[in-house]
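See structure below.
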Amino acid sequence: MTEQTPRASATPSPAKQKRAAAKAASRARKAERKEKARAKRSARAARYDAFFEPSLLAIAGLLISIAFLFQKATLLKIFIFIFFYFFAKSSGKKTSIITTILVASGIILANLLVPVGRVMAKWGPLTITEDALMGGIDKAFTFEGLIYISKASIRQGLKLPGRFGSIVASAFRYYDQIIEYRGRVHASTFFSDVDELMLKVWDSAAEPQPLTAASGPAPAASAKRSAWSYIVAALLVCGAYFLLVLPSLLQ
Amino acid sequence: MSEKPKIRIKVLDCVIIAAAILAIAFSCLTVYGKGNAEPEVKISSQGGDYIYPLKDERRLQIEGPLGVTVVHIHDGSVQIEDSPCPNRTCVAAGAISRPGQWVACMPNQVFISIEGSSNEKSVDAGVY
Amino acid sequence: MKSQSTPVSIKKPGHAALSARRADLTALLGAFCLVLSAIEYMIPKPLPFMRLGIANLPILLAVDLLPFSWYMVLALVKVVGMSVISGSLFSYVALFSLAGTLVAATVMWASKKACGRLISNIGVSILGAMTSNAVQILIARFVIFGESARYITPVFLIMGLVTGAILGLFAERFSASSKWYARARETGFPAASQPPENTPLSNSGPGEAHHD
């Protein structure tokens, strides 16, 4: 005669239910915020890519990267980094200030481990020296700056030249197909599932897609870009090179 | 299709794994071991303290009350090349190259020594 | 489209057709690399520099699927593809990726071809992963970290050993049992002198000239 139902299987107390509901609600809100952010970024990226042609951006980015690499003044490097951080952000690329700070700090810290130069301070076992610090800062911002210049200049629709370019384009097409694979991959039958995936993707691509034609251009690729985009790009490139010679001019 | 093919480990696989483990152990010892501190050149002056690795070539200008003392680090040794002091005994003192050694220009308040590593407890400098 | 019926070729596929099929296989493998790198990106990592090297798996598989020139093209496709997707083509990140992948690819090819039956995918993969990590640390030492890069060397070497072993195990298992792999082999090296060793192959690839 089991009279008492054990506590555990009874309906959860109202307090617990409220907490669970609150948690679910906050999770839903977080997911919603992420979605909104992603939508905003896609919109920005679409506008950016409609304004600038991908190959223009790639060439400009390459030139700017070179000027950036040769830049001697660390202060100017930091300025360029900040500029492109926000430039890449407004172009719809995902930027994470936390990651950037972490990576930069890591680089600076690693450089501080080998003391060089005038002693500035002692933090526990670590001696902070001027040259090591400046070197670390320079390297850190060079590293990060290049990343953001890249993010602003390498865009989705970029078509690489030549046969190699068409192979890369095919690879991206296959990539899209693999991502969209409808079947599921289960852990227990992992190998045969993956095998099936590969076979299906390969066979489904067997019919269309001639390799040589760089077909399937990005939707906005054929659209004519405004002349302003070229002017802006040219200005940015000139700006980067001007900053390159600025330190020697000022001396 | 439920037969699982046997994975056969071959001879060289074991050789490679063994070699890899050795390499890892070796790198652990060299990198994390104590005996590997790089010697550093420490310079104290009126203008502040400086640290430089002994192995890189450098020519430094250290400011003192009398003027600039030129310190040259090269080929794993340090020496005072020039100094504004009257006797210039420091210049004549020659080069030092081992931890514990020191050379100084007293009038210009420049003191140079070589130490094991600043990021660990340093052994008391011995004077020879 | 794939060389279905070229009226010229009777038994052997024409050279251009073979080239086109190899290019296609390279593209597919490259896509696989990109998918794996996307998966690796999602795995949370304590340090952003830790790379699991999962994306090298298709390259490892390709040692027996493609001739050397296409094999290296595959490695380049992987690096360039990843750099374009992540938008980091002009940065040091891409430099690390390029150096690591090229070194790994070369080492894996050389070891597999030189050692033949004495080595399995496991050993090959370990060699590739460890040399890739070693090269990357070397570059890091000059470009961002300076002398203190050596402190991280043991960690990276251990990671190379572990990830290399796991990847190698996977590759062994997959290449032994995969039908796709067998067909890909036929595509890359049609009517090879000896049949691939352990294939549950029943039918050959599309458009294959098949001797009956």
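Here, each number is a calculation from the coordinates, and none is a lab measurement. All of these numbers come straight from a predicted model, not from anything done at the bench. We place every Cβ from the backbone using ideal geometry, glycine too, and count neighbours over all the protein chains shown.
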In order over segment C:98-104: 3J(HN,Hα) from phi, Karplus 6.51/-1.76/1.60, θ = phi - 60°, whole Hz, x for each Gly or Pro, gives 4, 4, x, 5, 4, 5, 4
Going down the list A:Lys72/A:Lys139; A:Lys16/A:Lys36; B:Lys10/C:Lys112, which pairs span over 22 Å between their C-alpha atoms?
-> A:Lys16/A:Lys36
GNM, chain A, Cα, under 10 Å: largest mean-square fluctuation among A:Gln71, A:Gln17, A:Gln177?
-> A:Gln17
For segment C:68-138 and segment B:64-79, distance of Cα centres in Å | 47 Å
Vicinal HN-Hα couplings computed from phi for segment A:32-42 (Karplus, 6.51 cos²θ - 1.76 cosθ + 1.60; Hz; Gly/Pro x) | 5, 4, 4, 4, 4, 4, 5, 5, 4, 5, 4
At R0 = 30 Å the Cβ-Cβ FRET efficiency linking C:Val162 and A:Leu102, nearest 0.05, sits at 0.80
Rounded to 0.05, the calculated FRET efficiency for the beta carbons of B:Arg98 and A:Gln251 at R₀ = 51 Å is 0.80
List C:Leu66, B:Leu12 from most exposed to least, where exposure is judged by having the fewest other Cβ atoms within 10 Å.
-> B:Leu12, C:Leu66
Rounded to whole Hz and in sequence order, give me ³J(HN,Hα) for segment C:162-177 from the Karplus expression 6.51 cos²θ - 1.76 cosθ + 1.60, θ = phi - 60°, writing x for Gly and Pro.
-> 5, 5, x, 5, 5, 4, x, 4, 4, 5, 4, 4, 5, 5, 6, 10
Springs between alpha-carbon atoms under 10 Å, Gaussian network over chain A: tell me which of A:Pro12, A:Pro125, A:Pro115 tops the mean-square fluctuations.
-> A:Pro12
For segment C:14-112, with only Lys/Arg (+1) and Asp/Glu (-1) charged at the beta-carbon, what is the dipole magnitude about the Cα centre, in debye rounded to 20?
-> 60 debye
Which net charge results for the neighbourhood of C:Leu127, defined as the other residues with beta-carbon distances under 14 angstrom from its beta-carbon, given Lys and Arg at +1 and Asp and Glu at -1?
-> +2
Contour minus Cα-Cα distance for A:Glu180 and A:Lys159 (0.36 nm per residue) | 5.3 nm
Computed over chain A: relative contact order in percent, which uses C-alpha pairs under 8 Å that are six or more apart | 27 percent
Which residues qualify? For B:Ser83, with a placed amide H closer than 5 Å and at least 5 residues away or on another chain, they are B:Val70
Counting other chain Cβ atoms within 10 Å of each Cβ in C:74-80 and taking the mean gives 3
D_trans [Stokes-Einstein, Kirkwood Rh over alpha-carbon pairs] for segment C:15-188, 20 °C, 1.002 mPa s, µm² s⁻¹ | 131 µm²/s
Simple spin-label model, 7 Å along Cα-to-Cβ: A:Thr74 to A:Ala25 in nm?
-> 5.0 nm
Fraction of alpha-carbon pairs in segment B:38-115 farther than 16 Å apart, rounded to whole percent, equals 39 percent
Rounded to the nearest 500, what is chain A's calculated 222 nm mean residue ellipticity when only DSSP H runs of at least 4 contribute -39500 (n - 2.57) each, over all residues?
-> -23500 deg cm²/dmol
Order of B:Thr69, A:Thr129 under a 10 Å beta carbon neighbour criterion, fewest first | A:Thr129, B:Thr69
If we count other beta carbons within 10 Å of each Cβ, what is the order of C:Met130, C:Met159, fewest first?
-> C:Met159, C:Met130
